[in-house]
Amino acid sequence: MTLSDQHSGHQTTRTRHKKSRLPTLQDVAERAGVSLSAASRALSRDQKPVAAEKRERVLAAAHALGYSANPLAQGLSTRQTGLVSIIVNHIGDLSDLDLFDILIGRLQDVGKQASIVRLGSVKSARDFLRGSISYHVDAALIFSDFIGPRQARDFFRTNHVIMLNGRQDSQSLSVQPDDAPGIHQAVENAARHQVETATLITGRESSELEKQRIAFYRTALARHGILVSTQLHGDYSYASGVAAARQIDPRHYTDAIFCTSDAMAMGVLDVLRDREDGIIPGRMRLYGFDNLSLTDLHSYPISSIGFDKRDYVEQVVSLLVDPAQARKGPRHLGLPTRFYGRQTG
């Protein structure tokens, strides 16, 4: 083999190697005939200064090579990673799935990517925060009951924390539904149907939002003279609704059951159906909470309370995309709930 053959073979090997790996920013710069720093500026989402002709060459080279910028790498210099951390208790609740589908879609619309962190209890939150290395995100959205605003700011090393769990403070931004209007409308509906006694099935007592929700129910029920004869506890899940309903003596049903989540109400409904040979009991009224999309289906026509999830997400995103402007306006946003009447109510 001649030296020229060997050289040709090495060139072919290098070419194949380059084709087999993902293109880099250096590859884009070389193809466009610009410096590495110019290529970086041309591809920056922040539109950093670079000549228009160079920018066009870099964009064309990136397209030809199939290059996609790594937002985490860009974040090392811009301090903008494109990441938004969503802190949740868990993602098993059906209400979470309804909401997060809309939320994650809108985050992507504004150039952000979601990073979900699950905290199942106070202990797991402490262990996670103690044992993890904090990392940079553009913002943190706090749904979990188990973390407060100060913990979130310390962990993510940012003041851009949006509290969605009712535990906001003077330094944080927040969005919180106003449960009172929807609850009062649901209880008024029950009163119009001669409801005199009620069972209340509630969720986690650790939740500030749940405590407020229970207080709204009790105030509204007392105002209409409806006696809460039984209060049972669940965790918002279908299984906990089933477990709670099985504690109710079928010989001593109340006139209505109010559940603080639709998933629990679905569990209650299935237990009642089993006891009544598949028929929804006509003598009892059942109310859920969250207005899940499933309640529009024939199988679970549960009267419910809820808010417009798209409006809620838009409020969250408005605080997210322009934090400086958000801090000039109202720091704590809210939106009213309303009653959605269906077959069970």
By accessible area of protein heavy atoms, probe 1.4 Å, what ranking do H233, H136 get, highest first?
H233, H136
FRET efficiency, Q212 to L22 (Cβ-Cβ, R0 51 Å, nearest 0.05)
0.55
Here FRET efficiency (C-beta to C-beta, A239 to Q171, R₀ 56 Å, nearest 0.05) is 0.90
Label region 205-317 by shape, choosing from rounded, prolate and oblate, from the square roots a ≥ b ≥ c of the eigenvalues of the Cα gyration tensor; if a/c is under 1.5 it is rounded, and otherwise prolate applies when a/b is larger than b/c, oblate when it is not.
oblate
Between R246 and Q113, what length comes free when the chain is fully extended (0.36 nm per residue of separation minus the Cα-Cα distance, one decimal in nm)?
43.7 nm
For the Q231, L335 Cβ pair and Förster radius 22 Å, calculated FRET efficiency rounded to 0.05 is 0.20
Accessible surface of F143 - all protein chains present, 1.4 Å probe, nearest 10 Å²
40 Å²
Spin-label pair H224/E53, simplified geometry with 7 Å Cα→Cβ offset, distance in nm:
7.5 nm
Can you give the accessible area of K309 in Å² (nearest 10), computed on protein heavy atoms with a 1.4 Å probe?
30 Å²
Can you tell me which of 167-176, 50-59 comes out highest on packing, and rank the rest after it, using the mean Cβ neighbours within 10 Å?
167-176, 50-59
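The values are calculated or read from the model by the stated rules, or taken from the named source; none is laboratory data. As the structure is a computational prediction, the values presented were derived from the model and not from experiment. Cβ coordinates were reconstructed from backbone atoms using ideal geometry, including for glycine residues, and neighbour counts include every protein chain displayed. Surface accessibility is based on the protein's heavy atoms, side chains included, excluding ligands, DNA and RNA. Shrake-Rupley method; radii C 1.70, N 1.55, O 1.52, S 1.80 Å.
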